[in-house]
Amino acid sequence: MRIIKRLDLFLLKTFLPLFIMTFGICLFIFLMQFLWKYIDEMVGKGIAIRVLAELFSYAAMFFVPQALPLAILFASLMTFGNIGEQLELLAMKSSGISLVRIMRPLTIFLIIIAIAAFFFQNNVTPVSQVKFYTILLSVKQKSPELEIPESTFYTEIRGKNIYVRHKDDSKKLLRDVMIYDYSEGFNNARVILADSGRLKTSTDKKYLILSLYSGESFENLKGNKNNAREANDAVPYRRESFETMDMLIEFDANFNMRDESVFQDRYIGKNIASLRHSIDSMTVRLDSIKTSESKALLTQSYKRTLAGNAPPPQPATDSTASASAKTIIDFDSLYSAQSPDTKASLLSYSKRTIENLQMNYYTKAQLLKYEDKELRWHYTEMHRKYTLSFACLVFFFIGAPLGAIIRKGGLGAPAVISVFLFVVYYIIDNIGYKMARDAIWEPWEGMWLSSGVLLPLGIFLTYKAVNDSVILNAETYLDTFKRLIGKREIRKIEKKSLIMESPDYKDVLMHLEALKADCREYFANNRRWLNYFRFWKHGGLDSEAEHISLSLEEIVSVLCNSDSNLVLNKLMDFPIINGYRLMDLPISRKAGMVLAVIFPIGGLIYLTAIYRRKLLRQDIRTTANICDEMINLFPK
């Protein structure tokens with residue numbers, strides 16, 4: 001019991017530093033991504049360090065849901081990779097402790113982390129998201145710091161372009177100033193040229209005061225042009241010379257924090273209780289609006305109007321039938337009886353009515369579409385608060401068994417695998433979110449898509465790790481591929497330093513003759529192309545080739561005790577006949593006949609078997625030739 005407790009403490013002490021380190025690294029990476037994305041919105045605006053620090057602190061809280069699963073995956077991979085590489089995991093298993101028992105303390109710890117992540121998402125994230133988006137919007141809308149460059153048009157002042165050829169910083173003068181003022185529209189543009197000027201900010205930092213010296217002003221007066229004049233008349237303009245001129249320009253350089261209520265009422269600023277309340281209210285409101293609009297549409301329809309004016313149903317008699325026939329209105333006859341002017345006015349009135357109805361219902365449809373989208377956003381945000389906690393557990397059950405399988409520690413292989421798996425998770429999660437957002441899928445289907453895809457992977461890896469599988473061993477897949485394409489192995493035989501029993505060459509000679517006869521008989525009785533249904537009936541097993549393979553291995557096992565280098569070298573020329581099972585799937589006769597009729601799967605397996613049979617025939621032909629050579633080596 002004491003050993004178990006020490007083991008639990010050892011795993012926790014190994015995992016915790018790695019988890020803290022990887023979480024810090026992942027959070028730092030996401031913050032750098034945020035900085036690179038919004039760097040243009042922050043630089044050059046004179047924003048206080050306090051505001052930037054507050055923005056980055058809320059951004060850090062905003063990126064916790066993305067950094068936490070990646071950190072758990074990374075840390076679990078490194079933890080089990082390190083103890084596997086240092087043979088500590090092997091020592092634990094050799095002591096009779098299963099991998100599930102080894103993972104138990106970390107599983108309990110991460111369940112606590114998942115619960116804490118849920119409460120963080122429900123209570124902290126809504127507040128941090130509201131403050132984060134509020135500060136970010138305020139930063140975006142703040143005017144930039146006024147720093148007019150030399151020999152470049154400055155366009156940050158709304159409605160004006162300012163060009164300064166040279167700046168005299170010692171006297172705070174702007175030399176050779178050119179201003180294009182299009183605040184009243186491009187048709188009434190104003191151009192100002194000045195020898196020099198000074199620019200300063202008002203005390204409240206809401207206006208710029210531009211003092212210009214020794215210049216001229218050119219103004220287009222097209223807006224004051226007499227409407228009665230022809231279009232080809234000359235456009236008047238005004239030219240003005242001045243010694244000094246002061247311009248007052250609106251330019252708010254203060255940092256104004258926006259109101260948080262804009263985001264508090266949105267789905268990002270609500271916890272689960274508020275989201276459920278909003279969803280219920282929005283659902284009731286949408287249902288009532290749809291019901292009332294559908295009734296109004298039916299009431300205003302042509303069919304409903306006629307049905308409302310129709311008399312109640314009566315028993316079918318000749319008199320009632322003739323009366324009801326008289327009540328039927330022939331609109332075509334009424335329309336044909338009207339004058340042409342009346343027809344035109346009726347058509348025009350009908351067209352206007354239809355267009356008004358169409359525009360009215362189009363506007364209502366857009367409002368309903370926005371309400372429905374807002375409802376889906378509330379659903380997706382509610383499910384997101386659960387998916388984070390579940391993703392933490394899923395990533396642990398992917399990272400821990402994967403680290404136990406690959407047994408590679410450090411930052412190399414775990415970092416590559418973690419990033420790859422997280423990119424896959426991120427892509428799938430975004431696909432599901434967009435499907436839910438665009439009403440292609442239900443919100444719960446889209447938000448749980450990534451967890452549903454990765455959960456089977458975690459279960460599979462955990463199962464393989466518990467059973468000490470070598471699924472990530474490259475040689476295993478290479479051998480499987482070689483068997484699939486029928487590539488033969490090379491026989492390796494070494495001379496024994498001590499021979500207990502020398503081979504009986506006369507007996508071996510008889511076996512070689514028999515093997516040679518079997519090979520000749522195989523070629524006489526078996527063609528390259530198999531009967532399709534016979535192949536499936538026997539499950540792809542070639543019994544004659546199996547008998548030849550077993551006979552060859554018996555001869556090789558006997559001749560391995562030879563002290564003749566010539567005999568040993570010739571033995572290595574014998575191929576390893578292992579392709580007598582033309583299909584690697586051990587299936588029964590009934591299953592084989594079922595696969596035979598499934599197209600194209602059965603056809604593809606059959607063509608692969610034909611290729612492997614070709615290689616098998618080459619091996620048997622080589623065996624017969626080597627038998628001839630071996631027979632000539634032995635004395636008669």
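The values are calculated or read from the model by the stated rules, or taken from the named source; none is laboratory data. All values reported here derive from a predicted model rather than from experimental measurement. Ideal geometry is used to build each Cβ from the backbone, glycine not excepted, and the neighbour counts take in all protein chains shown. Accessible surface areas use protein heavy atoms only, side chains included; no ligands, DNA or RNA. Shrake-Rupley method; radii C 1.70, N 1.55, O 1.52, S 1.80 Å.
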ask   = Taking region 124-150 on its own, how many of its residues are open to solvent by less than 70 Å² (accessible area, probe 1.4 Å) and at pLDDT 80 or above?
value = 11
request  = Starting from region 343-372, keep only residues that are over 18 Å from Thr291 (Cβ atoms) and without any contact (Cβ under 8 Å) to a residue 12 or more places away in the chain, then list their pairs with residues that are open to solvent by 50 Å² or more (accessible area, probe 1.4 Å) and assigned to a helix (DSSP H, G or I) whose Cβ atoms are within a distance under 9 Å, requiring at least 6 positions of separation or different chains.
outcome  = Lys343/Tyr335; Lys343/Ser336; Leu346/Tyr335
task = For Ser418, state whether it is out of contact with any Lys or Arg (no Cβ under 7 Å at 6 or more places or on another chain), assigned to a helix (DSSP H, G or I), polar (S, T, N, Q) and at pLDDT below 85.
result = yes
note = Within region 159-183, restricting to residues that are outside any strand (DSSP E or B) and of a type in the set (Ser, Thr, Tyr), the one that is farthest from Asp246 (Cα to Cα) is Ser170
ask   = What do you reckon, is Thr462 at negative phi, modelled with pLDDT of 85 or more, of a type in the set (S, T, N, Q) and not in a loop (DSSP other than H, G, I, E, B)?
value = yes
request  = Could you tell me which numbered condition Ala48 fails, if it satisfies all but one of (1) hydrophobic (A, V, I, L, M, F, W, C); (2) more than 31 Å from the chain's Cα centre (by Cα); (3) surrounded by 12 or more Cβ atoms within 10 Å (Cβ to Cβ)?
outcome  = (3)
key: Those helices (runs of 4 or more DSSP H) lying entirely in region 1-95 with at least 3 residues in contact with a Pro (Cβ under 9 Å, 6 or more places away or on another chain)   = 2-42, 64-85
remark   = Only one of (1) assigned to a helix (DSSP H, G or I); (2) over 25 Å from the mean Cα position of the chain (by Cα) does not apply to Gly409, and that is (1)
task = Would you please list the contacts, defined by Cβ atoms under 7 Å and residues six or more apart or on different chains, that run from a residue in region 270-286 that is surrounded by 16 or more Cβ atoms within 10 Å (Cβ to Cβ) to a residue that is not in a helix (DSSP H, G or I)?
result = Ser278/Lys270
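One line per residue, one yes/no per condition, for (1) among the hydrophobic types (A, V, I, L, M, F, W, C); (2) open to solvent by 10 Å² or more (accessible area, probe 1.4 Å); (3) in contact (Cβ under 8 Å) with a residue 60 or more places away in the chain; (4) over 18 Å from Lys5 (Cα atoms):
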residue	(1), (2), (3), (4)
Pro69	no, no, yes, yes
Leu73	yes, no, yes, yes
Gly81	no, no, yes, yes
Leu87	yes, yes, no, yes
Leu99	yes, no, yes, no
ask   = Name the pairs whose Cβ atoms lie under 7 Å apart, with the first residue in region 1-15 and at pLDDT 80 or above, the second hydroxyl-bearing (Ser, Thr, Tyr) and open to solvent by less than 100 Å² (accessible area, probe 1.4 Å), and 6 or more positions between them or separate chains?
value = Thr14/Thr79; Phe15/Thr79
task = Can you confirm whether region 551-567 contains a residue that is of a type outside the set (Asp, Glu), in a helix (DSSP H, G or I) and at pLDDT below 80?
result = no
